[in-house]
Amino acid sequence: MTLKALSFIDNLDESSKVADIGCGTGTQTITLAKNTPGDFIGVDMVQDFVDIFNSNIKMAELTDRVKGMVGDALSLPFTKDSFDLIWSEGMIDSLGFEKTLNFWNAFLKKGGYVAVTSPSWLTRNRPAEIAKFWTDAGSGLYAIEDNIASMQKVGYSFVSAFTLPENCWLEGYFTPRVNAEKMLLEKYSGNQVVEEYVKSMRYEVDLYRKNKADYGYVFYIGKKM
Ligand SMILES: C[S@@+](CC[C@H](N)C(=O)[O-])C[C@H]1O[C@@H](n2cnc3c(N)ncnc32)[C@H](O)[C@@H]1O
């Protein structure tokens, strides 16, 4: 899906600058860097993730073009009008979709692109337990048309939006998490905080299986006007 989103971006060459904000350990940054030219900076607020990011970049032999740094998505130390593309998977909803896109707009060159994923309502059916789950997680779900309108309001023309298929959640996220949860429960056997945490992770999976028709992650791509 990262590559599908990348297929809408037509402005990159060897001199391009790309920021991947909320890069985590860099899976999508590596996919991007292997499939398009330019220099990349990954930004994440968690030092441990940035350390793993930089070691993954080394293993992928991309250190000449890709660097990771600790930073805050809403306080970027970059020059205005300097990026050709800002990428962000799985973070923007927790900071505020419109507010964050508005802030990032200043760092893009005119004609530069933004590509982000955000959980969104897919139908007019809005189960209360889903709304509550995302609000409790410090986020909020909006309809695709509302997010597109927000994007346009803060200075982007709309390029594309597409929903991530179910296997991204299941094979790419929930399934690998099962082993991590098992390891946590073994390592912290009898620890109530860990048990509650794992319970809440499993609740998220149940919720998704039950309501997946009504919400999901959507990739939004826009172009700075
Ligand atoms: C769900 S993870 C997604 C990681 C990666 N983009 C991916 O798709 O695998 C969200 C990431 O955003 C980072 N993050 C959250 N708030 C942030 C902020 N204000 N500034 C920078 N990074 C942030 C977290 O540390 C985490 O690595």
Given the pairs Lys187/Lys210; Lys58/Lys187; Lys34/Lys67; Lys110/Lys223; Lys58/Lys109, which are separated by over 19 angstrom at their Cα positions?
Lys187/Lys210; Lys58/Lys187; Lys58/Lys109
If one computes the Cα centroid of segment 44-68 and of segment 183-224, what distance in Å separates the two points?
25
Surrounding net charge for Gly138, when Lys and Arg each add one and Asp and Glu each subtract one, Cβ distance under 15 Å:
-1
Restricting to the chain, what percent of DSSP beta bridges are antiparallel, rounded to 5?
45
Run the helix sum for the chain: -39,500 (n - 2.57) per DSSP H stretch of 4+ residues, divided by residue count, reported at 222 nm to the nearest 500 deg cm²/dmol.
-12500 deg cm²/dmol
Report relative contact order for the chain in percent, whole number only (criteria: Cα-Cα under 8 Å, sequence separation at least 6).
21
If you take every residue apart from Ser82 with its C-beta less than 10 Å away from the C-beta of Ser82, what net charge results, scoring Lys and Arg +1 and Asp and Glu -1?
+1
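Every read-out reported here was derived from the displayed coordinates using simple, explicitly stated rules and does not represent laboratory data. Here the structure is a predicted model, which means the values were calculated and not measured. Quick reminder, even Gly has a Cβ in these numbers, built from the backbone with ideal geometry, and neighbours come from all protein chains shown.
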